[in-house]
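Colleague: Below is a structure I'd like to ask you about.
The values are calculated or read from the model by the stated rules, or taken from the named source; none is laboratory data. These numbers were taken from a predicted model, which means no experiment stands behind them. A quick note on method: Cβ atoms are made from the backbone with ideal geometry, for glycine too, and the neighbour counts reach across all protein chains shown.
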Amino acid sequence: MLLDGDMYVVSEGQLAVVNCEVIHYLVKQKENDISKALFISNSYLSYCFKKTIGVTPMEYANYLRCSIAFHCIATGHYPIKEAAYRCGFNNLSYFSRVFKKIIGILPSEVVIENN
């Protein structure tokens, strides 16, 4: 994954490799679990992550989740509600707000690709 200013550039191949269920599992891992495993505080974990990546762990996770959801919706693999759930969003309203903020359009505005 390449950083391009404030945006992430993810190739179509990278998205194809990532499975929605894997992302859903990884996102469920709480920062607390990670910081405990590394023997550091949650705040220090967030600080290090933001300093290295440029965003908080939750912002990064939401970016990944929305990117995968976009791919799932655009390819027609899943309808919006199913894509949101499989990518770790349990609240469709929250998913739509986060998706719009990150992707720039509402999930309902995604054009399904004809393969």
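Colleague: Test Val27 against the criterion of being at pLDDT below 85 and over 11 Å from the mean Cα position of the chain (by Cα), and give yes or no.
Modeller: No; evaluated as a whole, the condition is false for this residue.
Residue-wise test of (1) modelled with pLDDT under 95; (2) under 18 Å from Tyr60 (Cα atoms); (3) in contact with a Leu (Cβ under 9 Å, 6 or more places away or on another chain).
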site: His77; (1), (2), (3): yes, no, no
site: Cys87; (1), (2), (3): yes, yes, yes
site: Ser93; (1), (2), (3): no, no, no
site: Lys100; (1), (2), (3): no, yes, yes
site: Gly104; (1), (2), (3): no, yes, no
site: Val111; (1), (2), (3): yes, no, no
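Colleague: Output the residues belonging to the stretch 73-104 that are at positive phi and without any contact (Cβ under 8 Å) to a residue 24 or more places away in the chain.
Modeller: Answer for the stretch 73-104, where residues must be at positive phi and without any contact (Cβ under 8 Å) to a residue 24 or more places away in the chain: just Gly104.
Colleague: Taking the stretch 78-112 as the region of interest, how many residues are touching a Cys at 6+ places or on another chain (Cβ under 8 Å) and part of a loop (DSSP other than H, G, I, E, B)?
Modeller: Summing the residues that are touching a Cys at 6+ places or on another chain (Cβ under 8 Å) and part of a loop (DSSP other than H, G, I, E, B) in the stretch 78-112 gives 2.
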